[in-house]
1. Restricting to the range B:46-75, count the residues that are among the hydrophobic types (A, V, I, L, M, F, W, C), part of a strand (DSSP E or B) and surrounded by 21 or more Cβ atoms within 10 Å (Cβ to Cβ).
2. How many residues does the range A:59-94 hold that are more than 19 Å from residue A:38 (Cα to Cα) and either surrounded by 14 or more Cβ atoms within 10 Å (Cβ to Cβ) or of a type in the set (Ser, Thr, Tyr) (or both)?
3. State which residue is farthest from residue B:108 (Cα to Cα) when the search covers only the range A:28-43 and only residues that are more than 9 Å from every other protein chain (Cβ to nearest Cβ) and out of contact with any Asp or Glu (no Cβ under 7 Å at 6 or more places or on another chain).
4. If you take just the strands (runs of 3 or more DSSP E) that sit entirely in the range A:1-99, which of them hold at least 3 residues that are more than 12 Å from the chain's Cα centre (by Cα)?
Amino acid sequence: SQQGEEDPQALSIQEGENATMNCSYKTSINNLQWYRQNSGRGLVHLILIRSNEREKHSGRLRVTLDTSKKSSSLLITASRAADTASYFCATDAITFGSGTQLTVLP
Amino acid sequence: NAGVTQTPKFQVLKTGQSMTLQCAQDMNHEYMSWYRQDPGMGLRLIHYSVGAGITDQGEVPNGYNVSRSTTEDFPLRLLSAAPSQTSVYFCASSYSGSGSSYNEQFFGPGTRLTVL
């Protein structure tokens, strides 16, 4: 079974809008990571948040972690067409969810 | 640095054939792992290694063997290919394994395997 599950499975927005993706997990973790996968490519690490952190920023990315609810969210602000990709959360970098397919329309 | 490299990029096998997927990294990472990615399933861990000479099973190890004789290489062997092993296979490496804060994983470009 998969530890992390992303929601929604698919998301379509206009360029310039914000995109929010959620991840829920089942057991306690040391850290949670978000990855991006462009079509036909390997995964690329975006950001890591430790279990004792609540929020982290990296450029246009903002990640939150709520360990009491066992959930995390990834916010991409001012989205661009180049952000079109699948986004995965991974708990302790071992167990990946099934991903959110983000499409940013120009 | 080349990062994580995988060969071949594409492979077609017949049921019952064996083959080895190659993975190498030049970042001196201790931790390496193999995943398979099926449509709508995300990535599932097949086998992993925390260092040379040490390997362990992941979520879906059946039908696959691994060995880790050097820090750089982590080949994945399919002993007798089955259609259920049709998938995209990714190799990854990181500075350290699960439980540490310093385990951003670096992924290879993947091997697309079809078993007829």
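Quick note: the coordinates plus some simple rules give every number you see, no bench work behind them. Values in this document were obtained by computation on a predicted structure and should not be read as measured data. Because the Cβ atoms are built from the backbone with ideal geometry, glycine has one as well, and the counts that use them run over all protein chains shown.
1. Within the range B:46-75, the subset among the hydrophobic types (A, V, I, L, M, F, W, C) is B:46, B:50, B:52, B:54, B:60, B:66, B:74.
Among the residues that remain, those that are also part of a strand (DSSP E or B) are: B:46, B:50, B:54, B:66.
Among the residues that remain, those that are also surrounded by 21 or more Cβ atoms within 10 Å (Cβ to Cβ) are: B:46, B:66.
The qualifying residues number 2.
2. 13
3. Looking only at the range A:28-43, we keep the residues that are more than 9 Å from every other protein chain (Cβ to nearest Cβ), and these are A:28-29, A:32, A:34, A:36, A:38-39.
Next cut, out of contact with any Asp or Glu (no Cβ under 7 Å at 6 or more places or on another chain) only: A:28, A:32, A:34, A:36, A:38-39.
Values: A:28: 28, A:32: 20, A:34: 17, A:36: 13, A:38: 13, A:39: 14 Å.
Out of the qualifying residues, it is A:28.
4. On the way: elements: A:5-7, A:10-14, A:19-24, A:31-37, A:43-50, A:55-58, A:61-66, A:71-76, A:85-91.
Hits in the range A:1-99: A:10-14, A:55-58.
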